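Participant: I am attaching a structure below and will ask some questions about it afterwards.
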Amino acid sequence: VNILFYCEGDDGTLLQAFRTRLPDHHIVDWRSERITTAACNITAAIVWLPPDDFFEAAPDVREIYALAAGVDQLLVHPGLPVNATIIRLCDAGMAQQMAEYVLYGVLHAQRQMGMFRQAQVSRQWAHDITAKPAGATRVGILGAGALGSRVAERLSLNGYTVSCWSRSPQIPDQRLAHAVGREALPGFLSTSDVLVCLLPLTDDTAGILDAVLFAQLPEGAFLINPGRGGHLVEADLLDALQTGRLSGALLDVFCVEPLPACHRFWTHPSIILTPHVAAKSLVAESVDQIVESMHTFARGGIPPGVVDRHRGY
Ligand code: NAP
Ligand code: GLV
């Protein structure tokens, strides 16, 4: 099998890892071989942020392996072959990191670290600030997939009161409180002191974190968004922080990345931001998963992570 490879930011480590694991396949490095016309017999592609003309070299590709959990950028690629099956990463080392990231944000909110930070700036001994116990802090997670479910598990182990919201009733851990579908969203939001967004970015979820949603959260709720920048209506967040409807936010993803230097978020006292680093796919785990998926297809099976283009994830 000939496989076309492109991974933005790869220093050659990932490419080499695939070549080592797939010695019988010819893995073509799109960047160094600069293929501009259809190359022979390319039946699979492995990609992260491929350039617009990437698929001109592989118009008949049957399988496209995304080096990411989210495929929102890939699904709007102008040259995406219509009949190819897209397979995304499921966890691949990201769930543990995401659990750590969200736990950090939940601890920040529950232990009121933002208030202590402000008190420190004005040299105030804020001894009267008291934290709610973990069990009295209700965390709502939008999305209960590969990442959301592991985050929920981690937070539950730390004693938080956790609930998840998703589209279908399937959930890996039946012990988790679980709300399903749009009708259940208001009730779920009304009990989310901390709201975490781990949804995929789709037509259905774009802009979900807006003023209407914020109005349904308890007063002073805290937002954690490691999903996608397109989930958040940025101006509505600024308004909600201004009025105190939200007390703060931890953001990892933005409508424009890198976040422009002039953006208000950089200096906002109630926003902590990180540069899309909440969870990075790990090389060994990603390679193992993609190689295993290739074998599953070769045996006539269907691996995990096949994207439903209509649903958008
Ligand atoms: P996943 O396994 O596909 O899980 C997605 C979850 O969202 C599922 O529970 C799904 O419900 C739910 N969902 C989707 N559309 C919905 C809707 N319209 N209404 C209600 N629930 C909906 O995805 P994942 O692997 O956990 O990844 C989630 C997202 O995290 C990715 O798409 C990506 O945007 C983001 N991410 C960010 C980073 C980072 O470093 N910041 C790293 C990795 C991933 P069903 O189960 O019912 O289908
Ligand atoms: C990273 O954001 C991913 O979707 O894997």
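The values are calculated or read from the model by the stated rules, or taken from the named source; none is laboratory data. None of the values given here were measured: they were computed from a predicted structure. Here the Cβ is made from the backbone with ideal geometry for all residues, glycine too, and neighbour counts use every protein chain on show.
Participant: Name every residue in the range 69-98 that is in contact (Cβ under 8 Å) with a residue 40 or more places away in the chain, near ligand 2 (Cβ under 10 Å from one of its atoms) and within 20 Å of ASP53 (Cα to Cα), in order of residue number.
Facilitator: Once the filter is applied, which keeps residues that are in contact (Cβ under 8 Å) with a residue 40 or more places away in the chain, near ligand 2 (Cβ under 10 Å from one of its atoms) and within 20 Å of ASP53 (Cα to Cα), the range 69-98 yields VAL71, ASP72.
Participant: Identify, please: which residue in the range 184-241 is touching a Phe, Trp or Tyr at 6+ places or on another chain (Cβ under 6 Å) and aliphatic (A, V, I, L, M) and is, among those, farthest from ligand 1 (Cβ to nearest atom)?
Facilitator: By that ranking, first place goes to ALA240.
Participant: Something else about it: Give just the number: which of (1) more than 16 Å from ligand 1 (Cβ to nearest atom); (2) within 23 Å of ALA298 (Cα to Cα); (3) in contact (Cβ under 8 Å) with a residue 24 or more places away in the chain does ALA66 not satisfy?
Facilitator: It fails just one condition, (1).
Participant: If you check VAL277, VAL196, VAL253, which single one turns out to be hydrophobic (A, V, I, L, M, F, W, C), within 24 Å of GLY93 (Cα to Cα), under 14 Å from the mean Cα position of the chain (by Cα) and surrounded by fewer than 17 Cβ atoms within 10 Å (Cβ to Cβ)?
Facilitator: Just a single option satisfies the conditions, and that option is VAL277.
Participant: Would you be able to say whether some residue in the range 138-151 is of a type in the set (D, E, K, R), surrounded by fewer than 17 Cβ atoms within 10 Å (Cβ to Cβ) and either farther than 22 Å from VAL307 by Cβ or out of contact with any strand residue (DSSP E or B) (no Cβ under 9 Å at 6 or more places or on another chain) (or both)? Talk me through it step by step, then tell me what you get.
Facilitator: Pass one, the range 138-151, residues of a type in the set (D, E, K, R): 138, 150.
In the following step, the residues that additionally are surrounded by fewer than 17 Cβ atoms within 10 Å (Cβ to Cβ) were identified as none.
Within the range 138-151, none of the residues are of a type in the set (D, E, K, R), surrounded by fewer than 17 Cβ atoms within 10 Å (Cβ to Cβ) and either farther than 22 Å from VAL307 by Cβ or out of contact with any strand residue (DSSP E or B) (no Cβ under 9 Å at 6 or more places or on another chain) (or both).
Participant: Moving on. Given the conditions (1) buried (at least 22 other Cβ atoms within 10 Å of the Cβ); (2) not in a loop (DSSP other than H, G, I, E, B), and given that ARG19 satisfies all but one, which numbered condition is not satisfied?
Facilitator: Going through (1) buried (at least 22 other Cβ atoms within 10 Å of the Cβ); (2) not in a loop (DSSP other than H, G, I, E, B) one by one, ARG19 breaks only (1).
Participant: Moving on. Sort out which residues of the range 262-290 are in a strand (DSSP E or B) and either modelled with pLDDT under 95 or within 15 Å of ligand 1 (Cβ to nearest atom) (or both), and write them in order of number. Write out each step before concluding.
Facilitator: Filtering the range 262-290 down to residues in a strand (DSSP E or B) leaves 271-273.
ILE272, LEU273 - these are the residues of the range 262-290 that are in a strand (DSSP E or B) and either modelled with pLDDT under 95 or within 15 Å of ligand 1 (Cβ to nearest atom) (or both).
Participant: Can you find, within the range 280-306, the residue that is nearest to ligand 2 (Cβ to nearest atom) among those that are within 15 Å of the chain's Cα centre (by Cα) and not small (Gly, Ala, Ser)? Talk me through it step by step, then tell me what you get.
Facilitator: To start, the set of residues in the range 280-306 that are within 15 Å of the chain's Cα centre (by Cα) comprises 280-282, 305.
With the extra rule that they be not small (Gly, Ala, Ser), the set shrinks to 280, 282.
Details: LYS280: 8, LEU282: 11 Å.
If we take residues in the range 280-306 being within 15 Å of the chain's Cα centre (by Cα) and not small (Gly, Ala, Ser), then LYS280 is nearest to ligand 2 (Cβ to nearest atom).
Participant: Any chance the range 49-68 includes a residue that's in contact with a Lys or Arg (Cβ under 6 Å, 6 or more places away or on another chain) and modelled with pLDDT of 95 or more?
Facilitator: Within the range 49-68, one or more residues are in contact with a Lys or Arg (Cβ under 6 Å, 6 or more places away or on another chain) and modelled with pLDDT of 95 or more.
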